Amino acid sequence: MKKRVLLLLAVGFEEIEAISVADILRRAEIEVVLAGVDALSIKGAHSITIVADALLKEVDSTLFDMVVLPGGLPGATTLAKDPLVLRILQDFDAKKKKIAAICAAPLALKTAGVLKNSYTCYPSFETHINHEGYQKESKVVCDEHITTSQGPSTSMLFALSLVEQLCGRERVLGLRKDLLLD
């Protein structure tokens, strides 16, 4: 059965994080639905506009294997304040379904009460998250069913970690070769 990922977009999202993750997951033949929190047309932190596949309020989140939150500001803070986003994170956590957040987006995990013991985020943003267990040196951290990563330059590693979790190591090895990461 094909794996499904829900990738959330709010105004001010970090474009590299959202697009590279969506691209790599789709290359792995994972279905990715880009869901706009407030609108279908969403302007990123660097003024690149993306048209989402659907509005989040119209998506049945229970049909997905993983939810992914890109960082960027104010996108990450919008995600952390949105009641529907927080409810989805809590529902996924209760069912031990996979949750992934990069850059400033672990703030939403903290706000939802689902952030585990170990995590990483954009360096210096851990002071906003205010949660023990920050792993400064780690580009990607997996703790239970939660995956976090530092930011734009770690987006590909983050995405490949997600592919490995959903599809296995063999799929990642093929992608790394295709992406010239070997």
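Looking only at helices (runs of 4 or more DSSP H) that lie completely in region 80-167, which have at least 3 residues being within 15 Å of the chain's Cα centre (by Cα) and modelled with pLDDT of 95 or more?
83-94, 106-112, 155-167
Here is a list: SER124, SER161, SER118, SER149. Which entry is in contact with a Ser or Thr (Cβ under 9 Å, 6 or more places away or on another chain) and within 20 Å of THR77 (Cβ to Cβ)?
Testing whether each residue is in contact with a Ser or Thr (Cβ under 9 Å, 6 or more places away or on another chain) and within 20 Å of THR77 (Cβ to Cβ) leaves just SER149.
Of all residues in region 142-182, which are of a type outside the set (S, T, N, Q), touching a residue at least 24 places away in the same chain (Cβ under 8 Å) and closer than 16 Å to TYR119 by Cβ?
Result: ASP143, GLU144, HIS145, ILE146, GLY151, PHE158, LEU162.
Please state which one of ALA18, ALA39, ALA35 is among the aliphatic types (A, V, I, L, M), in contact with a strand residue (DSSP E or B) (Cβ under 8 Å, 6 or more places away or on another chain) and in a helix (DSSP H, G or I).
Numbers: ALA39 fails: in a helix (DSSP H, G or I); ALA35 fails: in a helix (DSSP H, G or I).
Going through ALA18, ALA39, ALA35 in turn, just one is among the aliphatic types (A, V, I, L, M), in contact with a strand residue (DSSP E or B) (Cβ under 8 Å, 6 or more places away or on another chain) and in a helix (DSSP H, G or I): ALA18.
Can you tell which of SER118, SER138, SER124, SER153 is of a type outside the set (Val, Ile, Thr) and within 25 Å of THR49 (Cα to Cα)?
It is SER153.
Any idea which residue in region 1-57 is most open to solvent (accessible area, probe 1.4 Å), counting only those that are among the basic types (Lys, Arg) and either without any contact (Cβ under 8 Å) to a residue 12 or more places away in the chain or touching a helix residue (DSSP H, G or I) at 6+ places or on another chain (Cβ under 9 Å) (or both)?
LYS57
Could you grab me the full set of residues in region 1-15 that are over 24 Å from PRO74 (Cα atoms) and part of a loop (DSSP other than H, G, I, E, B)?
MET1, LYS2, LYS3 - these are the residues of region 1-15 that are over 24 Å from PRO74 (Cα atoms) and part of a loop (DSSP other than H, G, I, E, B).
If only one of LEU109, LEU157 is in contact with a strand residue (DSSP E or B) (Cβ under 7 Å, 6 or more places away or on another chain) and open to solvent by 40 Å² or more (accessible area, probe 1.4 Å), which one is it?
Residue meeting the stated conditions: LEU157.
Would you mind telling me which numbered condition in (1) closer than 25 Å to LYS136 by Cα; (2) in contact (Cβ under 8 Å) with a residue 60 or more places away in the chain ALA101 fails?
(2)
The values are calculated or read from the model by the stated rules, or taken from the named source; none is laboratory data. In this text, all values refer to a predicted model and were calculated from it rather than measured experimentally. For neighbour counting, all protein chains shown are included, and Cβ atoms are generated from backbone atoms with ideal geometry for every residue, glycine included. With ligands, DNA and RNA removed, areas are computed over all heavy atoms of the protein, side chains included. Shrake-Rupley method; radii C 1.70, N 1.55, O 1.52, S 1.80 Å.
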